[in-house]
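The values are calculated or read from the model by the stated rules, or taken from the named source; none is laboratory data. Note that the structure is a prediction, hence the values are computed from the model and not measured. Here the Cβ positions follow ideal geometry from the backbone for every residue, glycine too, while neighbour counts run over all protein chains shown.
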Amino acid sequence: MRILKSEWLKMVSVPTTWLLLGTMLLVEGLAAGLLTGLSDIDDLKLRNPATLLIGTPLPTVFIFTLGALLATNEYRHGTANQTFVITPRRERVIAAKLAIGLVAGIVAALLYIAVNAGLGLSILSNRGVPVDGDLAVNVYAGVGVGIVLGCLFGVALGALLRNQILTIVTGLVLFLVRGVVALFIGTDVGKYFPGEALLSLQGTPGADAELLSQVDAGLVLGATCLALAIAGVVVTRYREIN
């Protein structure tokens, strides 16, 4: 319990945490409000509602970065040795960081849904643009789970790579370079990459025709996070911490 409290305090005491969350909400609020409020009503009615609800990829980017910082800040600032002296069983430290990352991801997902639904859905309703309730729930569930897994992905990858810049750059490449991967290796393999799976998980229109189903995409991303976390634990246990 003490280590969980310690990791929680490390996260909430860093200004970057609040900067990332605040920027995420601001960007999504602006995107949801401007897209639904300023677009032509006829154009909105012709569009697939899912494209209006998914929003931008930035929430996943911000929350992944938060997870990466949660795992790598101590290495960057040279305090990892102190942490592992206090808690010699290093796997407990990684597990605590993953637990805090899970909580942070859930909070971020709920905040995203509240902002996007509160602005986007209400504006669409006021402008007479119909949105199917089941579709909205499906999209928000997928995006929410994607945000949570994005944070866990950042923590797990950070535990494995340890270097902050390398972790963030590697993660962004894996998540954002989607079409390039599929172009060179084909969708049969490319659909299992994090970026492609995230598209399917969010319920992006047309993604399930070429990629994975929403459920399968969630399982693939979850399995990827688990594999990275296990690798991070194993590597952290046996490598020297400078």
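So in segment 1-22, with the set limited to residues that are polar (S, T, N, Q) and more than 18 Å from the chain's Cα centre (by Cα), which one is surrounded by the most Cβ atoms within 10 Å (Cβ to Cβ)?
The extreme case among them is S6.
Residues to consider are L228, L172; find the one that is part of a helix (DSSP H, G or I), at pLDDT below 90 and under 19 Å from the mean Cα position of the chain (by Cα).
Details: L228 fails: at pLDDT below 90.
Among L228, L172, only L172 is part of a helix (DSSP H, G or I), at pLDDT below 90 and under 19 Å from the mean Cα position of the chain (by Cα).
What pairs come out if I take residues in segment 149-171 that are of a type in the set (S, T, Y) and pair them with residues that are assigned to a helix (DSSP H, G or I) whose C-beta lies under 7 Å away, six or more apart or interchain?
Taking only residues 6 or more apart or on different chains, the pairs are T167/A68; T167/T72; T167/L157; T167/G158; T167/L161; T170/L157; T170/L161.
Which of the following residues is aliphatic (A, V, I, L, M), touching a Cys at 6+ places or on another chain (Cβ under 9 Å) and either at positive phi or touching a residue at least 24 places away in the same chain (Cβ under 8 Å) (or both): L70, L25, L4?
None of the others qualify; the one that does is L70.
Counting only residues that are buried (at least 23 other Cβ atoms within 10 Å of the Cβ) and β-branched (V, I, T), how many does segment 158-173 have?
Residues flagged as buried (at least 23 other Cβ atoms within 10 Å of the Cβ) and β-branched (V, I, T) within segment 158-173 amount to 1.
Do the conditions hold for L98, that is, is it in contact with a helix residue (DSSP H, G or I) (Cβ under 9 Å, 6 or more places away or on another chain) and either crowded, with 23+ Cβ neighbours inside 10 Å or assigned to a loop (DSSP other than H, G, I, E, B) (or both)?
yes
Does segment 32-54 hold any residues that are out of contact with any Gly (no Cβ under 8 Å at 6 or more places or on another chain), closer than 24 Å to I147 by Cα and touching a residue at least 60 places away in the same chain (Cβ under 8 Å), and which are they?
Of everything in segment 32-54, those that are out of contact with any Gly (no Cβ under 8 Å at 6 or more places or on another chain), closer than 24 Å to I147 by Cα and touching a residue at least 60 places away in the same chain (Cβ under 8 Å) turn out to be N48, P49, T51.
Going through segment 75-118 one residue at a time, which ones are among the basic types (K, R) and farther than 30 Å from T56 by Cβ?
Of the residues in segment 75-118, the ones among the basic types (K, R) are 76, 89-90, 92, 97.
Of everything in segment 75-118, those that are among the basic types (K, R) and farther than 30 Å from T56 by Cβ turn out to be R89, R90, R92.
Yes or no: segment 74-87 includes at least one residue that is part of a loop (DSSP other than H, G, I, E, B), exposed (fewer than 15 other Cβ atoms within 10 Å of the Cβ) and charged (D, E, K, R).
no
Kindly indicate whether G203 is surrounded by 21 or more Cβ atoms within 10 Å (Cβ to Cβ) and modelled with pLDDT of 90 or more.
Values: surrounded by 21 or more Cβ atoms within 10 Å (Cβ to Cβ): yes; modelled with pLDDT of 90 or more: no.
In short, no.
Might you check whether a residue that is under 23 Å from the mean Cα position of the chain (by Cα), surrounded by 14 or more Cβ atoms within 10 Å (Cβ to Cβ) and among the hydrophobic types (A, V, I, L, M, F, W, C) occurs anywhere in segment 118-129? Talk me through it step by step, then tell me what you get.
In the first step, residues of segment 118-129 are kept if they are under 23 Å from the mean Cα position of the chain (by Cα); the result is 118-121.
Next, from what is left, pick out any that are surrounded by 14 or more Cβ atoms within 10 Å (Cβ to Cβ): 119-121.
Filter once more, keeping what is among the hydrophobic types (A, V, I, L, M, F, W, C): 119, 121.
Yes: segment 118-129 contains one or more residues that are under 23 Å from the mean Cα position of the chain (by Cα), surrounded by 14 or more Cβ atoms within 10 Å (Cβ to Cβ) and among the hydrophobic types (A, V, I, L, M, F, W, C).
Take V85 and tell me if it is at pLDDT 90 or above and under 30 Å from I3 (Cα atoms).
So V85 does not fit the description; no.
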